[in-house]
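Structure record follows, encoded as structure tokens.
The values are calculated or read from the model by the stated rules, or taken from the named source; none is laboratory data. Only a predicted model underlies this, so the values are computations on that prediction, with no experimental measurement involved. Neighbour counts are summed over all protein chains in view; Cβ atoms, including those assigned to glycine, are modelled from backbone coordinates with ideal geometry. Quick note on the areas: whole protein, heavy atoms, side chains included, nothing else; ligands and nucleic acids left out. Shrake-Rupley method; radii C 1.70, N 1.55, O 1.52, S 1.80 Å.
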Amino acid sequence: MKHYLLLILTTFGLLPLCAQVVSDSLWTPQIRTVTLYRSGIDQESPIMLLGSDDRLLLRFDLLADEPSTFRFTLHHCDATWHIDDMEVYEYLSGIDEGVIDDYQPSFTTLQPYFNYRATIPAQGSNLLLSGNYVLMVHPYDYPDSTVLSCRFMVSEELLNVSAEVSRPSSGMRIYEDQEVNVSIEQKADLSFGDYQPYQFSPVYMRLFLQQNGRLDLRRQLPFQGYAGPRLCYRWKDENVFAGGNSFRYFDISNLRAAMYNVQRVEQYGGETFAIIRPEEDRSGKHYETREGLNGGMKVNIWDRRDPQVEADYVWVSLSLPMPHPFLNGSIHVVGQMTQWHLDQNSRMEWQPQYKAYTIRLLLKQGYYSYQLLFLPAGESVGITATLEGDHIETPNDYTLTTYYRGPSDRYDRLLSVRKIR
């Protein structure tokens, strides 16, 4: 365990708490399979209602032979996910950090690990302000080092939101793109704080729309006009998203037989390997309806009772046959299993001897969905059209977040979170 802690400090160093956009990130390879959901509701987004009894459940695995103790801290962020200058006592009552010492060892697995769980915020603590938050986990004896970070939101739900996904109102890609038009109105039965009605104005509002969990596809919507008392955000270029395609999917819940899209499973050297059927370029194919997790994942195991501690870890190999490599960009596997990042950990490498792009990921048994995105050199937004194709029929999940900062406010209030499909 001392070697583990030393690895954190010497390899990853300290995580700055300002001047950067926070995201769901892992800062050491010993931490795996991090999930943060509404407590008691599996797969539920980490969104809490201000003033309620809502709690979040954090789970993660420590791949090690010995357990350790961790602590967590909570930080308030602005609308663009930068840690703001709010003091802890302003947004949190009670204990300003929690200890994570609730864990179970894995059982009958080739890869030993400890499954940790923690309730967020800690018992006896409550969040006082709405907005964006980031949860950071640190080794107990090294509070200045961070091993993982997870984002969540606390909403006031003060708005009536109308939104729909439709065919683009302009442009040539009417069969490939989706337009999300939005209007908002203050709820008549809820107080808007101490502010006057005239302050419910687009001057103080900021709306952000995100497609699925993609970090690179979160946009601020421009104000279009009024419709009576409603503020409308519609018919602008920012409202239009490439439709993409249904997410690819594989199932490694059963290691005794190949499941969906798994070509074969092998064990040697004390480790398990799963070879996924070769991927294909779907950009020229017709759309096929396929409901799924839209980039999500779910830990699962067929022949055991408790997947959290009895599911094993598997080296999953993905490949994309391609006669020639792309010279002007890279290919990335994007989904919850890669924290939605377009970075080196999600990048597929060109193998000239196989004439294919490949990547190998260490994953816990379960279901996984993902897309293959092309990232042009020097750009920060991935493209679905290159390998997935774009279709208006794709059942994408959109998340609309509405923020308010009045003339005298020091932070971005989160007035509403709305899921749209």
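Number of residues in the stretch 203-223 that are free of Cβ contacts under 8 Å to residues at least 24 places away in the same chain and not in a loop (DSSP other than H, G, I, E, B): the value is 3. Residue-level analysis places residue 346 outside the set of residues that are under 18 Å from the mean Cα position of the chain (by Cα), closer than 28 Å to residue 285 by Cβ, open to solvent by 50 Å² or more (accessible area, probe 1.4 Å) and of a type in the set (Ser, Thr, Tyr).
When restricted to residues that are open to solvent by 10 Å² or more (accessible area, probe 1.4 Å), free of Cβ contacts under 8 Å to residues at least 60 places away in the same chain and closer than 30 Å to residue 61 by Cβ, the stretch 362-421 contains 1. Select from the stretch 326-343 the residues that are more than 25 Å from residue 212 (Cα to Cα) and loosely packed, with under 15 Cβ neighbours inside 10 Å and write down the one among them that is nearest to the chain's Cα centre (by Cα). Across the stretch 326-343, the extreme among qualifying residues is 328. Residues that are in a loop (DSSP other than H, G, I, E, B), among the aromatic types (Phe, Trp, Tyr) and in contact with a His (Cβ under 9 Å, 6 or more places away or on another chain) do not occur anywhere in the stretch 365-374. Out of all the residues in the stretch 90-107, is one or more assigned to a helix (DSSP H, G or I) and out of contact with any Asp or Glu (no Cβ under 6 Å at 6 or more places or on another chain)? Yes, the conditions are met somewhere in the stretch 90-107.
Applying the criterion of being in contact (Cβ under 8 Å) with a residue 40 or more places away in the chain and open to solvent by 30 Å² or more (accessible area, probe 1.4 Å) to the residues of the stretch 110-124, the residue that is farthest from residue 255 (Cα to Cα) is 119.
Just wondering, is there one or more residues in the stretch 138-150 that are open to solvent by 20 Å² or more (accessible area, probe 1.4 Å), charged (D, E, K, R) and within 24 Å of the chain's Cα centre (by Cα)?
So in the stretch 138-150, the residues open to solvent by 20 Å² or more (accessible area, probe 1.4 Å) come out as 140-144.
Checking which are charged (D, E, K, R) leaves us with 141, 144.
Remaining after also requiring within 24 Å of the chain's Cα centre (by Cα): none.
No, because not a single residue in the stretch 138-150 is open to solvent by 20 Å² or more (accessible area, probe 1.4 Å), charged (D, E, K, R) and within 24 Å of the chain's Cα centre (by Cα).
In the stretch 260-276, of all residues being open to solvent by 70 Å² or more (accessible area, probe 1.4 Å) and touching a residue at least 24 places away in the same chain (Cβ under 8 Å), the one that is nearest to residue 335 (Cα to Cα) corresponds to 271.
Could you list, in sequence order, all residues of the stretch 299-312 that are out of contact with any Ser or Thr (no Cβ under 6 Å at 6 or more places or on another chain) and surrounded by fewer than 16 Cβ atoms within 10 Å (Cβ to Cβ)?
Of the residues in the stretch 299-312, the ones out of contact with any Ser or Thr (no Cβ under 6 Å at 6 or more places or on another chain) are 299, 303-308, 310-311.
Scanning the stretch 299-312 gives 303, 305, 306.
Does residue 296 satisfy being open to solvent by less than 40 Å² (accessible area, probe 1.4 Å), in contact (Cβ under 8 Å) with a residue 12 or more places away in the chain, closer than 17 Å to residue 387 by Cβ and not aliphatic (A, V, I, L, M)? Taking the combined requirement at face value, the residue does not satisfy it. Looking across 398, 357, one residue alone is hydroxyl-bearing (Ser, Thr, Tyr) and closer than 27 Å to residue 21 by Cβ. It is 398. Residue 206: at pLDDT 95 or above, open to solvent by 60 Å² or more (accessible area, probe 1.4 Å) and within 30 Å of residue 270 (Cα to Cα), yes or no? No; evaluated as a whole, the condition is false for this residue.
Considering each of 218, 248 in turn, give the residue that is under 30 Å from residue 62 (Cα atoms), touching a strand residue (DSSP E or B) at 6+ places or on another chain (Cβ under 7 Å) and either open to solvent by 20 Å² or more (accessible area, probe 1.4 Å) or at pLDDT 95 or above (or both).
On the way: 218 fails: under 30 Å from residue 62 (Cα atoms).
None of the others qualify; the one that does is 248.
In the stretch 111-134, the condition of being part of a strand (DSSP E or B) and among the small types (Gly, Ala, Ser) is met by at least one residue.
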